[in-house]
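To start, the structure itself, in structure tokens.
Every number here is computed from the coordinates shown, using simple stated rules; none is lab data. Please read all numbers here as calculations on a predicted model, not as lab measurements. All Cβ positions, even for glycine, are placed from backbone atoms using ideal geometry, and neighbour counts span all protein chains on display.
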Amino acid sequence: MLLDSASLYYRSYFALPESIVGPDGQPVNAVRGFLETVTALVRDRGSRQVVACWDYDWRPQWRVDLLPSYKTHRVLEESDEAEEETPDTLGPQIDILRDLLPRLGIPVVGDEGFEADDVIAAFAHQLDGAVDIASGDRDLVQLVDERVTLLYTGGTSASRGGRPWQVLTPQSALERFKVPARLYADFAILRGDPSDGLPGVRGIGDKTAAALVSAFGDVEAIIAAAVDPSSPKPMTSVLRQRLLDAQDDIRLAERVVRLQPDPRWREHEPHREISRDAIDVAEAYGVGPATRRLLEVLT
């Protein structure tokens, strides 16, 4: 199981009250929520090999160079550098997780210049057998196939089974987004995504984007259809002009959005040994019971 760590700890931070504190009186709500979420995921899916994929660079410069609007709304307004706005009481909890998880046999994997999505894409491609991805980031829908399942924790609605996540397979992703999972990135490029600063194409929303992707395929095929005056509906003269006007921006956005496995992760073998002091460290942080419950399902 591959964890989109930032997605999970942010969600936990805002879901649980800061009145949950450790021995030093500091909040550990995000830590406890993270551990409880992973426990529920592992128990439900039966995945005992877990990797915490980490945002060591949440806004890589190469993506910003291609698309300056990329995640700009998350940058501190009065900062000279691209520093993400993190609540004061969350930062120390992120450090706790980064210290505690490896002690539980859950490696923390990432590198400068890469987002967690990049690491997840690499592992999803290189690992053998079934792979579960736990995240609230819809960008990862593009990785879903017959072998890779997305446990989508975003949104407010639970799945039919009462779980606080939705199980997205190729079929359920198609039902939800009206496009094949492998073409989700193309759909997002066309309709835009304010959460990532993707502008999209003027006048194209979910319905039109899904219709174009369903009819023609990926963005290159859609641009080719716009060039061809004989292309059938849903291509119209208005859409044709808008797509041609935006084709350079579409191609730049494609390079930003489409996840490509980096070869540096191919030889990485996560370390999964549980430290002898795992429980003692967890108790010191004030999350002993949650840690014990997680270890019970991992071992």
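Provide the packing ranking of 189-196, 1-8, 254-261, 50-57, i.e. peptides ordered by the mean count of other C-beta atoms within 10 Å per residue, highest first.
With the highest mean Cβ count within 10 Å placed first, the list reads 1-8, 50-57, 189-196, 254-261.
Extending each Cα 7 Å along its Cβ direction at residue 95 and residue 215, get the distance between those two points in nm, one decimal.
5.5
Across segment 184-257, what fraction of all alpha-carbon pairs, as a whole percent, falls in each successive 5 Å bin from zero upward?
For segment 184-257, the binned pair fractions read 3, 18, 34, 28, 12, 4, 1, 0 percent.
Applying 1/(1 + (r/R0)^6) with R0 = 25 Å to the Cβ-Cβ distance of residue 24 and residue 86, what FRET efficiency is obtained, to the nearest 0.05?
After rounding to 0.05, the efficiency reads 0.80.
Eigenvalues of the Cα gyration tensor times 5, then square-rooted: what semi-axes does that give for the chain, in whole angstrom, largest first? Mind showing how you got there, number by number?
Details: eigenvalues 280, 86, 58 Å².
Value: 37, 21, 17 Å, ordered largest first.
Please compute the length gained on full extension between residue 175 and residue 14, using 0.36 nm multiplied by the number of residues separating them and subtracting their Cα-Cα distance. Don't skip to the end; give the middle numbers.
On the way: separation 161, 0.36 × 161 = 57.96 nm, distance 2.91 nm.
Result for the pair: 55.1 nm of gain on full extension.
Which Cα, out of 227, 33, 104, lies furthest along the positive dipole direction of the chain (beta carbon charges, K/R +1, D/E -1)?
The residue sitting farthest along the positive end of the dipole is 227.
List the residue ranges in the chain for DSSP H helices whose C-alpha atoms run 20 angstrom or more along the long axis and whose Kyte-Doolittle average is 0.0 or above. Could you put the intermediate results ahead of the total?
Numbers: long enough: 29-45 (24 Å, 0.05).
Span-like helices, by this rule, are 29-45.
Might you report the magnitude of the Cβ-based charge dipole of segment 184-257 about its Cα centre, with Lys and Arg at +1 and Asp and Glu at -1, to the nearest 20 debye?
Here the size comes out at about 280 debye.
Could you run the Karplus curve 6.51 cos²θ - 1.76 cosθ + 1.60 with θ = phi - 60° over segment 127-139 and give me ³J(HN,Hα) per residue in whole Hz, x for Gly and Pro?
Couplings: 6, 8, x, 5, 10, 9, 10, 9, 6, x, 9, 5, 4 Hz.
With all pairs of different alpha carbon atoms counted, what Kirkwood hydrodynamic radius in Å does segment 1-47 show?
Computed over Cα pairs of segment 1-47, the Kirkwood hydrodynamic radius comes out at 11.1 Å.
How high is the relative contact order of the chain, given as a whole-number percent (alpha carbon pairs under 8 Å, six or more residues apart)?
24
In the chain, what % of DSSP beta bridges are antiparallel (nearest 5)?
Bridges in the chain are about 35 percent antiparallel.
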